[in-house]
């Protein structure tokens, strides 16, 4: 009997530990933020700025729009689609608007995502998931008791999508985007 009691207590404590989700930290304004500083000693500032421009304008061009650019920074805004998964099937539950900022110095750069606003989705009459409104709810605003479980899932989804976004950004800035020119082939009509 003691063995079963100890087993139940261990399983309950393990379930509590595994149920904790990672969340984004809060900045000094009280807003959620995904912030990272990356060392890039072998890459110049101009090259980093060019690669960041490629990331915003080409790589993530469907979900992000550049707002302004200076000689050492880029500001953009975009959206992340948050998915709701039930067993095997999944559908988008909403989108999160964010502001993206990247600043460069020679040898390092920093970037952050902040000002997250959630816009819920619902099905329209054609079966597509569309935004219910254009006005977003800030992620810092906690809902009532009824929606707190869904809100925690949304915060967990934002954390996962933001970390994936950060990994993609670091990968693009780490690789060289120099296009290799193809050698022009001369076409001969005499040999065939």
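Scanning the stretch 172-181 for residues that are part of a loop (DSSP other than H, G, I, E, B) and either within 16 Å of residue 46 (Cβ to Cβ) or modelled with pLDDT of 65 or more (or both) yields 175, 176, 177, 178. If you go through the stretch 38-79 and keep only what is within 14 Å of the chain's Cα centre (by Cα) and closer than 13 Å to residue 172 by Cβ, you end up with 55, 56, 59, 60, 61, 64. Let me confirm something: among 76, 66, which residue is under 19 Å from residue 163 (Cα atoms), in contact with a helix residue (DSSP H, G or I) (Cβ under 6 Å, 6 or more places away or on another chain), surrounded by 15 or more Cβ atoms within 10 Å (Cβ to Cβ) and free of Cβ contacts under 8 Å to residues at least 60 places away in the same chain? Only one candidate passes the filter, namely 76. Here the stretch 81-93 is the region considered, the condition is being touching a helix residue (DSSP H, G or I) at 6+ places or on another chain (Cβ under 9 Å) and either at pLDDT 90 or above or surrounded by fewer than 18 Cβ atoms within 10 Å (Cβ to Cβ) (or both), and the residue that is nearest to residue 114 (Cα to Cα) is 81.
Looking only at residues of the stretch 103-133 that are crowded, with 16+ Cβ neighbours inside 10 Å and touching a residue at least 60 places away in the same chain (Cβ under 8 Å), we find that the one that is farthest from the chain's Cα centre (by Cα) is 109. Quick one: is residue 47 touching a strand residue (DSSP E or B) at 6+ places or on another chain (Cβ under 8 Å) and crowded, with 16+ Cβ neighbours inside 10 Å? Taking the combined requirement at face value, the residue does not satisfy it. The single condition among (1) within 28 Å of residue 43 (Cα to Cα); (2) touching a residue at least 40 places away in the same chain (Cβ under 8 Å); (3) assigned to a helix (DSSP H, G or I) that residue 155 does not meet is (1).
The values are calculated or read from the model by the stated rules, or taken from the named source; none is laboratory data. These figures come from a predicted structure and were not determined experimentally. Counting neighbours? That spans all protein chains shown, and the Cβs are built from the backbone with ideal geometry, glycine included.
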